[in-house]
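Undergrad: Input: one structure, supplied below.
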Amino acid sequence: QVQLVESGGGLVQAGGSLRLSCAASGIIFGIKSMGWYRQAPGKQRELVAVITSDSSTNYADSVRGRFTISRDNGRNTVSVQMNSLKPEDTAVYYCNVVAHLSNANYWGQGTQVTVSS
């Protein structure tokens, strides 16, 4: 019922930029927060950035100042603008949504971001 559709991943050289977007559907009673996590092979999934329903944001220390998360509440979409990309940003990036009412946690299928040296 709940669908998260991600787009924007790809291959980019160090210092370049990418913009990831995620559109959520099927959540009738609203979204409490939307965000992005990432996971590299052999590592645990980690927070990248989150934005809440009151527009407060939180960033991983490793991306603060380079990444900017934004939300379109009317469309239930979340995007992250990723600038000054580094090879260590290479990972699969996952969209995350926490729904109102149930606090259910939903995940997108993941989109690959590869940053070459």
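Undergrad: Which of these, SER79, SER33, SER102, has the largest mean-square fluctuation under a Gaussian network model of the chain (Cα springs below 10 Å)?
TA: Greatest mean-square fluctuation among the candidates belongs to SER102.
Undergrad: Taking only Cα atoms and a 10 Å spring cutoff, compute GNM fluctuations for the chain and point out the largest among ILE51, ILE27, ILE69.
TA: Of the options given, ILE27 has the highest mean-square fluctuation.
Undergrad: Roughly speaking, to the nearest percent, how much of the chain's 1.4 Å accessible area is carbon and sulfur?
TA: Carbon and sulfur atoms account for 47 percent of the accessible area of the chain.
Undergrad: Express in nm, to one decimal, how much length is gained between SER25 and SER102 on full extension, taking 0.36 nm for each residue of separation and deducting their alpha carbon distance.
TA: Full extension of this stretch gives 26.2 nm more.
Undergrad: Go ahead and set up a Gaussian network model of the chain, Cα springs under 10 Å, then flag whichever of LEU101, LEU11, LEU85 fluctuates most.
TA: Maximum fluctuation in the GNM of the chain, among the listed residues, is at LEU101.
Undergrad: Just in the range 64-117: which trypsin sites (Lys or Arg not before Pro) are loop by DSSP and have at most 16 other Cβ atoms within 10 Å?
TA: Answer in residue order: ARG66, ARG75.
Undergrad: On average, how much accessible surface per residue is there in the range 34-117, in Å², for a 1.4 Å probe, leaving out ligands, DNA and RNA?
TA: Averaged over the residues of the range 34-117, the accessible area is 51 Å².
The values are calculated or read from the model by the stated rules, or taken from the named source; none is laboratory data. Just so it is clear, the model here is predicted, and its values are computed rather than measured. Glycine gets a Cβ as well: all are built from the backbone with ideal geometry, and neighbour counts include every protein chain shown. Ligands, DNA and RNA are excluded from the accessible area calculation, which covers all protein heavy atoms including side chains. Shrake-Rupley method; radii C 1.70, N 1.55, O 1.52, S 1.80 Å.
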